[in-house]
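Engineer: This structure is in structure tokens; I'll ask about it shortly.
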Amino acid sequence: MQVLVYGAGQLAQMMYLDGAALGINVMAVDVNNNTVVHPVSKLPLECTLEQAIELADALTVEFEHVPEPLLEQAQASGKLYPGIDAILVGADRVREKALLSGLAIPNCPYQVVDDLAQLDSCVDKLGERLIIKASRDGYDGYGQWRLKTASELPALKSQLAELDLKKVPLVVEQMLSFDREVSLIGARSKSGQVVVYPLAENLHHEGQLHVSVAPAIASSAALNEQARDIFTKLVNGMDYVGVLAVELFQCGDELLVNELAPRVHNSGHWSQAGSPTSQFENHLRAVLDLPLGLACNTGGEAAVSAMINIIGCDNHNMALLGVPGVHFNWYGKTVRRKRKMGHINVTASNYAELGSKLLSLSEYLSLAHFPCLSEEASRLASES
Ligand code: ATP
Ligand code: MG
């Protein structure tokens, strides 16, 4: 079986690696020049995009910002999963908010702004602490601005003056003081089978994900149920096929959706080592209509996993492989500030053990590049 992935980054690479074990061949499209490439070497393959579309049993995406003409060509083949509407929901915050409101799924209070003068009424309606997001092409905190007091409004307006808001409106959200950030990753197959992974807790630094822990500490059955309900409403509402990631804010006992990613997601990477079926494998199974695999933590009731992103550096000491339960994943990219270079998965039989493994790991990783690691390790280590 063959799957064609739009995008040739690390997510396509990890789909390729997991697909190979099942005899599924994954090819990637470099969307900058429409060439078909090998997902690991990135070298061009000897076929045109049209031939690869013809050859593939399913087409899918590794990111939502694929140029629309390419998505339309893929959709026309009848083999694109998830479909173009779901991908565009993930690519456009205005569509995303409309979907969430339409399905009555709790999300952050917001206003859509296509004229800077409307920012004043946002302050009236939502309060003066705001987070302003470009509705398209944002990721890892890029394309976002924050307002802390109304007095900063004139300066913010001049900063935003060059944007064409008629073309790309802003979504202005109330700045929430949530208790923590969690995410739910799940898959729905073409025949409608659904599996969800345990809720993961996500630690961000400067708008970027640094560490995920799954299951999230103290995530009750009721909280997981709430997340599962949200997931089911979303996938059924969109007739969605593939892995869908739902980023959530937890406020007390309530979950609010922050955003959706119509694809495998960084906060699900732990599943490579920590679950019987990784999110990459389940995504391939879903789009090819194969039975989905178990999405629990491997190793019994108390088993836990963490994922640590390697961001903006490539000078780690490989002696870290000596820490038991460590799995290393490298994407083969040239180092750049804030660029995700790889990640480390760690599995353990309980939180305290996970904490002590992360503490051992933190001895090999600099605080400058891994600012959340030792604090998170200590927090986990103190869990009984
Ligand atoms: P991603 O890389 O996840 O796609 P992104 O740049 O698309 O990120 P968001 O997930 O919307 O953007 O926001 C990035 C981070 O900013 C969130 O993980 C959260 O920490 C913070 N944030 C976003 N919206 C709000 C909000 N309304 N209130 C408080 N914090 C927020
Ligand atoms: Mg996000």
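Engineer: Could you run the Debye sum over the Cα atoms of the stretch 109-174, one equal point scatterer each and no solvent, and tell me log10 of I(q)/I(0) at q = 0.16, 0.27 Å⁻¹, two decimals?
Structural biologist: Log10 I(q)/I(0), no solvent term: -0.45, -1.36.
Engineer: A further question on this structure: Give me P(r) over the stretch 266-384, computed from all C-alpha to C-alpha distances, binned every 10 Å, as integer percentages.
Structural biologist: Taking every Cα pair in the stretch 266-384, the percentages come to 14, 41, 32, 12, 1.
Engineer: Given the pairs 42/148; 125/166; 167/340, which span a C-alpha to C-alpha distance of over 32 angstrom in this model?
Structural biologist: In this structure, 42/148 exceed 32 Å between Cα atoms.
Engineer: Would you be so kind as to identify which of 364, 377, 130 lies farthest towards the positive end of the dipole of the chain, taking Lys and Arg as +1 and Asp and Glu as -1 on Cβ and the Cα centre as origin?
Structural biologist: Going by the charge dipole, the pick is 364.
Engineer: Now, a different point. Using Cβ counts within 10 Å as a stand-in for footprinting exposure, how do 122, 313 rank, fewest first?
Structural biologist: Going from least to most buried by this count: 313, 122.
Engineer: How high is the FRET efficiency from residue 128 to residue 77, r the C-beta distance, R0 45 Å, rounded to 0.05?
Structural biologist: Approximately 0.40, to the nearest 0.05.
Engineer: On to the next question. Compare the Cα positions of 35, 75, 22 along the charge dipole of the stretch 2-80 (+1 at Cβ of Lys, Arg; -1 at Cβ of Asp, Glu; about the Cα centre) and return the one farthest towards the positive end.
Structural biologist: Of the listed residues, the answer is 22.
Engineer: So what's the Cα pair-distance distribution over the chain, bin width 20 Å, in %?
Structural biologist: 28, 59, 13
Engineer: Rounded to the nearest 20 Debye, what is the dipole magnitude of the chain about its Cα centre when Lys and Arg each give +1 and Asp and Glu each give -1 at the C-beta?
Structural biologist: 380
Engineer: Hey, another quick one. Computed FRET efficiency, Cβ-Cβ of residue 25 and residue 151, R0 51 Å: what is it to the nearest 0.05?
Structural biologist: 0.30
Engineer: Contact order normalised by length for the stretch 180-381, with contacts defined as Cα pairs under 8 Å and 6 or more residues apart; what percent is it?
Structural biologist: Once normalised by length, the contact order is 20 percent.
Engineer: Now a separate question. To make sure I understand, if each residue's beta carbon is the centre and we count other beta carbons within 10 Å, what order do 15, 341 fall in, fewest to most?
Structural biologist: 341, 15
Engineer: If you place +1 on the Cβ of every Lys and Arg, -1 on the Cβ of every Asp and Glu, and leave all else neutral, what size is the dipole of the stretch 2-80 about its Cα centre, to the nearest 20 Debye?
Structural biologist: I would put it at about 160 debye.
Engineer: Something else about it: Restricting to Cα atoms and excluding each atom paired with itself, what does the Kirkwood estimate give for the stretch 180-381 in Å?
Structural biologist: Here the Kirkwood hydrodynamic radius works out to 17.1 Å.
Engineer: So for the chain, taking the charge dipole from beta-carbon charges (+1 Lys/Arg, -1 Asp/Glu), which of 98, 230, 183 sits furthest toward the positive end?
Structural biologist: 183
Read-outs throughout are calculated quantities, based only on the coordinates presented, and are distinct from any laboratory measurement. Keep in mind it's a predicted model, so treat the numbers as computed, not measured. Neighbour counts run over all protein chains shown; Cβ positions are idealised from the backbone, glycine included.
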